[in-house]
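For reference, the structure discussed in these notes is given below.
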DNA sequence: TAGATTGTTAATCGATTAACAATC
DNA sequence: TAGATTGTTAATCGATTAACAATC
């Protein structure tokens, strides 16, 4: 079945929300509970889940641990993912020790760079390899996800190297649309700043006219 | 007029695409040229632009410099934006020197932290201030955009401090939905990894059945 | 049983796209 | 003028939401 893209994104949000409930020792939640936390409609939650199965109990809601486990399977975080980061600059280094990753089953096993000064050194305990060793290292360490944290001009080239080395998916922090055959997820930092600039400008202009901020 | 959210996102993409054309010395482009680079439909480009005015010449296309200037005005990057980053950890420090920001009219003028070890030091030339000086410094430096680069548990609190200090918009790197009255743009790194995990799992399962990878 | 909440259908809403007259 | 490409309308597509029967 065809799953709407927004549904996939929300699955990650449900997962996080349910993790918080579990940490708080909550056993059962309703679609309404989840919806309130996430600022969406309860029917949205139920519809999203219904693409994958029937996980709730009528009259009762959802068993937090059970649903968490189901969603983990759906989005694939029931297993650990081996990750390599290409680009040992500031951003790549920061990602290496980013707690959100290690906490969520993403293990950074290698960094790659083309700067001889950096190769062989360690960043937060992770070795920096020569980019020319990419294919060999990816195979040896069974790396499945590649992260592009290099400057814009090098990104497409790195994407091709990653694809050739047998990587299965790419998280791209460079501000370019990549042409590849593997799935790519863009984290477009500059675009986020531009969007917030737009919204700030819009808000100040509507605030002048109007007191009912949309 | 109500502008679709996806249109706003694409405006940033058009801006970047046109910047590249300008750097390459291209004077005129058609909606088709832009669409091809961005993997969308030409009518999408024309429709998006039509929300804001008539910028093209029939039979000719769009004057690159002129359109760039128009879009810069629309998304608000015709002026410089003063930015403060809260959280002088790895991510906050990396953002301080992120070339994508300085290149696009976003100037990081201050870092904030609550760690006495860090306060007063400089990171990439930017002073780390005490978080308790937030309001004063935001006013003094005329900071308009705040960046949240603190751990999850502190994010909502920081958002409230930013709002109280008079900031106009927030770019949030913490994995929480914030409750504020100012515009927020989320950069959800963990969610991007989860999405790529989902897509990798899905692709390998469909690849087994099917050779026409969607 | 009565109350609550699910899973699902159908209606609504919003965004994308094709098509084409207008016009450079 | 002939060819190209815009701006815009209308049709299509896809996602959200309300409503409600099913059922715990």
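Nothing in this text is a laboratory measurement; each read-out follows from the coordinates by a stated rule. Remember, it's a predicted structure, so these values are computed and weren't measured experimentally. Note: ideal-geometry Cβ built from the backbone for every residue, glycine included; neighbour counts use all protein chains shown.
Laid out as a table, the results:
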quantity: Selected residue (only one of B:100, B:76, B:87 is free of Cβ contacts under 8 Å to residues at least 12 places away in the same chain, closer than 30 Å to residue A:96 by Cα and touching a helix residue (DSSP H, G or I) at 6+ places or on another chain (Cβ under 8 Å)); calculated: B:100
quantity: Residue match in the stretch A:187-196 (condition: over 19 Å from residue B:16 (Cα atoms), facing another protein chain (nearest Cβ under 7 Å), surrounded by 20 or more Cβ atoms within 10 Å (Cβ to Cβ) and free of Cβ contacts under 8 Å to residues at least 24 places away in the same chain); calculated: no
quantity: Test: residue B:56 is in contact (Cβ under 8 Å) with a residue 12 or more places away in the chain, over 30 Å from residue B:134 (Cβ atoms) and touching a strand residue (DSSP E or B) at 6+ places or on another chain (Cβ under 7 Å); calculated: yes
quantity: All positions within the stretch A:10-35 that are surrounded by fewer than 17 Cβ atoms within 10 Å (Cβ to Cβ), part of a helix (DSSP H, G or I) and within 13 Å of DNA strand D (Cβ to nearest atom); calculated: A:32
quantity: Which listed residue is under 24 Å from residue A:100 (Cα atoms) and within 14 Å of DNA strand D (Cβ to nearest atom), from A:5, A:58; calculated: A:5
quantity: Enumeration of residues in the stretch B:34-66 that are away from DNA strand C (no atom under 12 Å from the Cβ) and within 14 Å of chain A (Cβ to nearest Cβ); calculated: B:34, B:36, B:37, B:52
quantity: Test result for residue B:71, within 16 Å of DNA strand D (Cβ to nearest atom) and either assigned to a helix (DSSP H, G or I) or away from every other protein chain (no Cβ under 12 Å) (or both); calculated: yes
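Here's the yes/no breakdown for (1) surrounded by 20 or more Cβ atoms within 10 Å (Cβ to Cβ); (2) in contact (Cβ under 8 Å) with a residue 40 or more places away in the chain:
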site	(1), (2)
A:83	yes, yes
A:91	yes, yes
A:104	yes, no
A:108	yes, no
A:124	no, no
A:145	yes, yes
A:155	yes, no
